[in-house]
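Inspection log for the structure reproduced underneath, given as structure tokens.
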Amino acid sequence: MELTSLLLYITIFFSAILVLILFSDGDLTLMLLERFGKRLSSVKGQVYWIVGASSGIGEYLAYELVANGAKVVLSGRRENELQKVKAQCLIIGKKAGLSETDILLLPVDVTKLELHQQYFDAVLKHFGTLDVLVNNAGRSQRAEWMNIDIRVDKDLFEGNVFGLLNLSRTVIPHFLAKKKGQIAVTSSVCGKVGAPCSASYNATKHALHGYFETLRAELTCRGISVTMLCPGPVFSDLLSACATDTYGQKLGSAMTKKDRRMSTERCARLCAIAMVNQLDEAWISINPVLLSLYVSQYAPSLFRSFNGRVGARVAMSLRDSRNDLVNSCKKDVQGEKSE
Ligand SMILES: NC(=O)c1ccc[n+]([C@@H]2O[C@H](COP(=O)([O-])OP(=O)(O)OC[C@H]3O[C@@H](n4cnc5c(N)ncnc54)[C@H](OP(=O)(O)O)[C@@H]3O)[C@@H](O)[C@H]2O)c1
């Protein structure tokens, strides 16, 4: 084959991939599985424990699962919100034949490690088994790297990492006894790249990959599967309890309809598809964040060079699409002159 023809074929191939990514809101494997993979109806009768079900992605994941006949345990700290989610689950789940006993409300604070066994005992007492643990609880952050109080780093690791890690260790003996079980973990695009202005949060999400990839390596052969979910910007309550650089402080912001984010329903649906198909990892995002994630993973040097030159402000506006949030974290980052 002539060199020019070869170059032409390569160009056509990569252009086609580029177009596919630009018209997708999940990685290409996930998109394929959405059309041709295992159906969501396969969750019928399975028991899912969603930790972080009181709002956002976890809440909508519960709706998706009960709509398809799964039994769910709804956990989080805000019992009032969980009550509302449970009520909605009952309405949705009724059509799939579910009743009150198929939806367990179980208030959980993942940072209370000493209570983890007690929480899990309550799940087993109610359902007698567990099929999938969804480690979805998490808090985000907006803060400049230089200014973060070390206590904020530790605080985010307590909830986002150690809480989920210990809960998983509590559940895994049950999975091993059954020779079957799945752990899903809500990481983030920030668990794959160094997005600016959320260093502690990014580090917690990267740490989840470290822990759970190792779990996969050790226990796949004993029937345990691990699914890492990596969403980009999604509508949820995330900005409300979001950490800052100051210990004990919450950002207390709310997303608005004008923000450029994926709908919570769509994200939850893609998470559910990734889980039923037991994907190792799924990328779920609007563009251009999805495309930039592809570049960061397949051409990391190009991504870093672009990221470094174009500056943190561009990356931040891709994530938050709002000047108030971008400006709240701009003093020392690239793209702005330092004092
Ligand atoms: N939204 C996004 O743009 C985005 C992007 C990438 C990744 N994510 C990840 O998606 C996951 C869900 O977040 P979301 O966006 O849906 O935000 P969200 O609406 O704020 O949901 C966070 C959930 O985590 C729970 N949670 C937090 N701390 C907890 C604790 N100590 N114990 C038990 N539950 C706790 C919350 O429940 P309580 O407050 O009731 O305890 C809530 O149900 C998080 O892991 C987040 O990092 C979100």
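The values are calculated or read from the model by the stated rules, or taken from the named source; none is laboratory data. As the structure is a prediction and not an experimental result, all values here were calculated from the model. Neighbour counts run over all protein chains shown; Cβ positions are idealised from the backbone, glycine included. Heavy atoms of the whole protein, side chains included, go into the accessibility calculation; ligands, DNA and RNA do not. Shrake-Rupley method; radii C 1.70, N 1.55, O 1.52, S 1.80 Å.
In the range 64-87 there is no residue that is within 20 Å of Asp237 (Cα to Cα), in contact with a Phe, Trp or Tyr (Cβ under 9 Å, 6 or more places away or on another chain) and open to solvent by 20 Å² or more (accessible area, probe 1.4 Å).
Just so you know, in the range 44-61 the residues that are away from the ligand (no atom under 12 Å from the Cβ) and not in a strand (DSSP E or B) include one that is surrounded by the fewest Cβ atoms within 10 Å (Cβ to Cβ), and it is Gly45. Residue count for the range 133-152, restricted to those that are open to solvent by 10 Å² or more (accessible area, probe 1.4 Å) and within 19 Å of the chain's Cα centre (by Cα): 5. Residues of the range 242-254 that are in contact with a helix residue (DSSP H, G or I) (Cβ under 9 Å, 6 or more places away or on another chain), outside any strand (DSSP E or B) and either within 14 Å of the ligand (Cβ to nearest atom) or not hydroxyl-bearing (Ser, Thr, Tyr) (or both): Cys242, Asp245, Gly248, Gln249, Leu251, Ser253. A Cβ distance below 7 Å, combined with a sequence gap of six or more or placement on separate chains, defines the contacts here; from the range 47-64, residues that are among the polar types (S, T, N, Q) reach residues that are near the ligand (Cβ under 8 Å from one of its atoms) and open to solvent by 20 Å² or more (accessible area, probe 1.4 Å) in the pairs Ser54/Arg78; Ser54/Glu81; Ser55/Glu81; Ser55/Ser236; Ser55/Asp237. The single residue among Leu130, Leu239, Leu167, Leu229 that is within 14 Å of the ligand (Cβ to nearest atom), closer than 20 Å to His116 by Cα, open to solvent by less than 20 Å² (accessible area, probe 1.4 Å) and hydrophobic (A, V, I, L, M, F, W, C) turns out to be Leu167. Among the residues of the range 195-216, at least one is over 30 Å from Ala143 (Cα atoms), in a helix (DSSP H, G or I) and either modelled with pLDDT of 95 or more or aromatic (Phe, Trp, Tyr) (or both). Taking the range 186-204, which residues are within 9 Å of the ligand (Cβ to nearest atom) and in contact with a Ser or Thr (Cβ under 7 Å, 6 or more places away or on another chain)? Val189, Cys190, Tyr201, listed by residue number. In summary, Phe36 fulfils each of the numbered conditions (1) aromatic (Phe, Trp, Tyr); (2) more than 22 Å from the chain's Cα centre (by Cα); (3) open to solvent by less than 10 Å² (accessible area, probe 1.4 Å) with the single exception of condition (3).
Scanning the range 105-127 for residues that are farther than 23 Å from Cys230 by Cβ, open to solvent by less than 60 Å² (accessible area, probe 1.4 Å) and not in a helix (DSSP H, G or I) turns up Leu105, Leu106, Pro107, Val108, Asp109.
For the residues Phe212, Phe162, the requirement of being under 30 Å from Ser253 (Cα atoms), under 22 Å from the mean Cα position of the chain (by Cα) and either open to solvent by 10 Å² or more (accessible area, probe 1.4 Å) or more than 10 Å from the ligand (Cβ to nearest atom) (or both) singles out Phe162.
In the range 88-98 there is no residue that is within 16 Å of the ligand (Cβ to nearest atom), open to solvent by 30 Å² or more (accessible area, probe 1.4 Å), closer than 22 Å to Val171 by Cβ and touching a helix residue (DSSP H, G or I) at 6+ places or on another chain (Cβ under 7 Å).
Residue pairs whose Cβ atoms lie under 7 Å apart, sitting 6 or more positions apart in sequence or on different chains, and linking a residue in the range 246-266 that is at pLDDT 95 or above to a partner that is loosely packed, with under 14 Cβ neighbours inside 10 Å, are Tyr247/Arg151.
So that you can scan it fast, the table gives a plain yes or no per residue for (1) within 13 Å of the ligand (Cβ to nearest atom); (2) among the aliphatic types (A, V, I, L, M):
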residue	(1), (2)
Pro107	yes, no
Lys112	yes, no
Gln117	no, no
Lys125	no, no
Arg139	yes, no
Glu144	no, no
Lys154	no, no
Phe157	yes, no
Val171	no, yes
